[in-house]
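What follows draws every value from the coordinates through simple rules; no lab data is involved. These numbers come from a predicted model, not from an experiment. Glycine also receives a Cβ, built like all others from the backbone with ideal geometry; neighbour counts cover every protein chain displayed.
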Amino acid sequence: MTTSRLFSADVQQTLDLIGIFVFALSGGLLAVRKNLDIFGIAVLAEATALGGGLLRDLIIGAVPPAAFENRGYFFTPLVAALVVFFLHPEVARINNAVQTLDALGLGLFCVTGTAKAHDYGLGSVAAVVLGMVTAAGGGVIRDLLVGELPPSLLRWDRALYAVPALVGGTITALLIAAHSLGAVTGTAAALVAFAVRMLALRYEWRAPRAWHRGSASSGPEDA
Amino acid sequence: MTTSRLFSADVQQTLDLIGIFVFALSGGLLAVRKNLDIFGIAVLAEATALGGGLLRDLIIGAVPPAAFENRGYFFTPLVAALVVFFLHPEVARINNAVQTLDALGLGLFCVTGTAKAHDYGLGSVAAVVLGMVTAAGGGVIRDLLVGELPPSLLRWDRALYAVPALVGGTITALLIAAHSLGAVTGTAAALVAFAVRMLALRYEWRAPRAWHRGSASSGPEDA
Amino acid sequence: MTTSRLFSADVQQTLDLIGIFVFALSGGLLAVRKNLDIFGIAVLAEATALGGGLLRDLIIGAVPPAAFENRGYFFTPLVAALVVFFLHPEVARINNAVQTLDALGLGLFCVTGTAKAHDYGLGSVAAVVLGMVTAAGGGVIRDLLVGELPPSLLRWDRALYAVPALVGGTITALLIAAHSLGAVTGTAAALVAFAVRMLALRYEWRAPRAWHRGSASSGPEDA
């Protein structure tokens, strides 16, 4: 269980809490838009911030999950929920900053999620997938709970979200295979994922859809 | 594993089955309103009655979950589904009685859920949260399955549901900390949760929503 | 862990991959209809093909789940996603063939799911339920993710889907109880489930709904 602790305990905890806080803000803001009450804001903040790691921990068999073992993980989303409750217009106004921090959380969680899955003995492909689940799963649960379906993650008209997580997770898996994952290289992997996400937002990168051919039966057979 | 057995095995089993039966009725009635067939009624009855405990057991690592280990737990919702299938107008007509029994189930499950989570080594905050998950999780799964989103639990226009569960779970955690959880005190905790829920229904207690300030930028900064 | 290996490892793996591939096609086709991008197609293909087995494995405590341990299980849905991406009009046109293969997957998965649950120590009723979860759970997750609610499984206007799975699982459980589950009898159980599903499709078998009595209070008390 050493590689999952990329950084000193203090640094790791601080980075985790930043990611959790920002993910919780996005959940809380959606709850306000959906007209939920303070309890609904808190639930959506918790589910968005901790849902991805919870899914990962259930799948790798790390029970009780970290979300239920670490009080800081639990209380941080409640603080975010209070911030949203009292200051949601201000938080919404700094949406660009929230998106930037969300991209940081994405970068961090895909790296730590991949590393933790590897620590529990999963293969590299499975670990990368679980890194993506860690980073993006909370947002899917958030969207499910308020009926925003298909969830933002799967909508073609949103900028790439999973791909940056897969990039960060793949780099992490390669670093693990090369016995080179550490604080510096792990941070670099997270920053690459962060950068890809920011570029996707800036340039509205989207994944291709299956084309719908015209009624003529002579459409191209392949692209 | 002693505290989770608050009562004699017979009493505990009877109380559990009553709670399961009533939760199953609420699931079955929603299935009828949604025009589902007898199979859908059975699935919704099972999911509503057992879903909360199933989530709790997956999270604390109690596998296979009680829902799959105890045949009485499995067959009771099927009986409720048959009752709803043949007598749904009558069951709907005694909705007040169903709501009262549902409140009893809520009170019972938040106490036993908190106690079981504690037995599996979770901290007091996590145990209270899992008590709420036990009591309210089945209803969320029920609403997800029929597309009633956001689920009833999160809607501001419904009377408080989670708060009574949190009250009952908190009392239970305090009793555990004081080494005082037993049949009498556990029943008292369940009855307090029941009473809070009934008062919330009677007086339409609701949680506050984040206020939406007018267009004037000079709205109050805090409340 | 012997009974779950009904067939030689090669045969079992081949049958599993066929079932996974066909379930993935159905997920991918729905993703195209919902206008999702290539990533959404891949996610829906994976979730539909592996979701049922994943739920089963979490419930019986088989972690990490087979979906994350077997690379063939993971890559097969990606191949199906590519097929759908490039050839979706052709795949949609052979929908009858897809439905037939889907019925084969249903038959196979309810048998292997029941056998695996039994291997992990669950009772016969629970094992049959988990066989159905294995066969039908992926489709429910697929429908949840795109907001097709209630899911196809629960809609009265769709031909029976769970009942064939329950039939196949029950035969499997009886074979296990008689110490007679093997390659031949297991295949027979899968074929019975397959046949029931095909008949349900052909003759549009549906489960009954609770009748809604007229306004007259003298409606029939039972049917």
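When the helices in chain C are scored as -39500 (n - 2.57) per DSSP H run of 4 or longer and the sum is shared across all residues, what 222 nm value do you end up with, to the nearest 500 deg cm²/dmol?
-24500 deg cm²/dmol
Could you work out the mean count of beta carbons from other protein chains within 10 Å of each residue's beta carbon in C:129-141?
1
Could you compute how fast the stretch C:9-205 diffuses translationally, taking Rh as the Kirkwood radius over C-alpha pairs and applying Stokes-Einstein at 37 °C with viscosity 0.692 mPa s? Give it in µm² per second.
D, rounded to a whole number, is 199 µm²/s.
Please report the relative contact order for the stretch A:9-205, taking Cα pairs under 8 Å with a sequence separation of at least 6, and give it as a percent rounded to a whole number.
That works out to 23 percent.
What aspartates and glutamates sit close enough to B:Lys34 to cross-link, taking a C-alpha to C-alpha distance under 14 Å and skipping anything fewer than 8 places away on the same chain?
Cα-Cα hits under 14 Å: B:Asp143, B:Glu148, C:Glu148, C:Asp157.
Report the residue, chosen from B:Gly113, B:Gly121, B:Gly182, that carries the largest GNM mean-square fluctuation when chain B is represented by alpha-carbon nodes joined by springs under 10 Å.
Largest GNM mean-square fluctuation: B:Gly121.
With contacts defined as alpha carbon pairs under 8 Å and 6 or more residues apart, what's the relative contact order of the stretch C:77-194 in percent?
Result for the stretch C:77-194 is 30 percent.
For B:Val125, go 7 angstrom from Cα along the Cα-to-Cβ vector, then report the distances to that same point in the other copies in nm, smallest first.
Counterpart label points of B:Val125 in the remaining copies fall at 4.0, 4.0 nm.
Under 10 Å, Cα contacts only: if you run a Gaussian network model on chain A, which one of A:Ile38, A:Ile20, A:Ile171 comes out with the highest mean-square fluctuation?
Comparing A:Ile38, A:Ile20, A:Ile171 in a Gaussian network model of chain A, the most mobile one is A:Ile38.
Can you give the net charge of the other residues whose Cβ lies under 11 Å from the Cβ of C:Asp37, counting K and R as +1 and D and E as -1?
Surrounding charge for C:Asp37 is +4.
Can you compute 3J(HN,Hα) from phi for each residue in the stretch A:53-58, using the Karplus curve 6.51 cos²θ - 1.76 cosθ + 1.60 with θ = phi - 60°, rounded to whole Hz and x for Gly and Pro?
After applying 6.51 cos²θ - 1.76 cosθ + 1.60, I find x, 5, 4, 4, 5, 5 Hz.
How far, in nm to one decimal, is A:Leu87 from itself in the other copies if the label point is set 7 angstrom along Cα toward Cβ? Shortest first, please.
Output for A:Leu87: 5.6, 5.6 nm, nearest copy listed first.
What's the center-to-center distance, using Cα atoms, between the stretch B:7-68 and the stretch A:143-193 in Å?
So the separation of the two Cα centres works out to 36 Å.
Say a label goes 7 Å from Cα toward Cβ at B:Ile18 in every copy; what distances in nm does this one have to the rest, shortest first?
5.3, 5.3
Which of rounded, prolate or oblate describes the stretch B:42-119 when judged by the alpha-carbon gyration tensor and an a/c cut-off of 1.5?
It is oblate, given that a/c is not under 1.5 and a/b is not larger than b/c.
Return the FRET efficiency for the residue pair B:Asp10, B:Asn95: r is the Cβ-Cβ distance, R0 is 41 Å, and the value is rounded to the nearest 0.05.
0.85
For a quick check: with amide H placed at 1.01 Å from N, whose amide H comes under 5 Å from B:Asp37's, ignoring anything fewer than 5 positions away on the same chain?
Hits under the 5 Å cutoff: C:Trp156.
Tell me, what does the Kirkwood hydrodynamic radius of the protein assembly as shown come to in angstroms if you use every pair of distinct C-alpha atoms?
It works out to 25.9 Å.
Name the residue from A:Ile60, B:Ala189, C:Gly182 whose Cα lies farthest towards the positive end of the charge dipole of the protein assembly as shown, charges +1 on Cβ of Lys and Arg and -1 on Cβ of Asp and Glu.
After comparing all options, I get B:Ala189.
Give the average, rounded to an integer, of partner chain Cβ atoms located within 10 angstrom of each Cβ in B:151-163.
Going residue by residue through B:151-163 and averaging, the value is 4.
What does the charge dipole of the stretch B:9-205 about its Cα centre add up to, to the nearest 20 debye, if the Cβ of each Lys and Arg holds +1 and the Cβ of each Asp and Glu holds -1?
Roughly 280 debye, rounded to the nearest 20.
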